[in-house]
Amino acid sequence: MRKNTTLVIWQDSYALGLEEIDHQHKMLFDIMNRLWVAILDHAEGRRLANILEDLERYTVLHFTEEETFMRSIDYPDFDGHVAYHRKFVRKLMEEKEAAHAGRTVSLELIHFLRDWLVNHILVEDKRYAAQFRSEKRSSSLLGRFFARLR
């Protein structure tokens with residue numbers, strides 16, 4: 001029986017209290033866990049590249065929606081937050097290209113993904129969520145906002 005098939009587990013402390021964004025973060029965790037299982041299975045480069053493509057696509061979608069939301073609340077550190085997003089996407093693209101070229105996904109990438117996402121949520125994302133709450137905006141506003149995007 002294989003151990004440690006889960007790289008990252010959602011914890012209540014990660015929740016921003018913004019249902020749509022929390023759901024997206026959980027989806028990112030799920031994709032990262034799929035990647036981890038593929039690594040444990042010694043999957044071929046194509047399978048790893050496909051999972052990295054899924055992670056890249058979903059990450060770009062999530063970041064786009066998150067950035068649109070931050071603009072809508074006039075988040076003051078918008079540019080800094082976006083810079084963090086761009087760095088993450090660049091790293092994903094590099095690793096996806098490496099996997100397509102037949103190289104294995106490094107443990108460094110796995111640790112980077114896990115640590116970056118968890119720390120980003122706990123520090124950076126919590127900041128804009130706190131601003132949203134401090135302005136006493138209704139959480140139903142967030143639902144209407146995301147409904148407009150779809």
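Whole-percent P(r), segment 43-90, all Cα pairs, 5 Å bins from 0: 5, 20, 23, 18, 12, 9, 6, 4, 2. Considering only alpha-carbon pairs that sit under 8 angstrom and 6 or more positions apart, the relative contact order computed for the chain is 32 percent.
Given segment 16-149, report the % of alpha carbon pairs whose separation exceeds 27 Å.
25
Per-residue ellipticity at 222 nm, computed for the chain from helices alone with -39500 (n - 2.57) per DSSP H run of at least four residues, works out to -24000 deg cm²/dmol.
Loop-located trypsin sites (Lys or Arg not before Pro) in segment 1-108 (DSSP state not H, G, I, E or B) with no more than 15 neighbouring Cβ atoms inside 10 Å: ARG2, LYS3, ARG103. Report the net charge of residues surrounding GLN24, where surrounding means a beta-carbon distance below 9 angstrom and charges are Lys +1, Arg +1, Asp -1, Glu -1. Combined, the nearby Lys, Arg, Asp and Glu give -3.
Here the residues HIS42, HIS120, HIS25, ranked from fewest to most Cβ neighbours within 10 Å of their Cβ, fall in the order HIS42, HIS120, HIS25.
For the chain, the membrane-span-like helix rule (DSSP H, alpha carbon extent of at least 20 Å along the helix axis, mean Kyte-Doolittle at least 0.0) picks out 19-40; this says nothing about an actual membrane.
Where a number appears in this text, it was derived from the coordinates with a stated rule and is not lab data. These numbers were taken from a predicted model, which means no experiment stands behind them. Backbone-built Cβ (ideal geometry, glycine too); neighbour counts: all protein chains shown.
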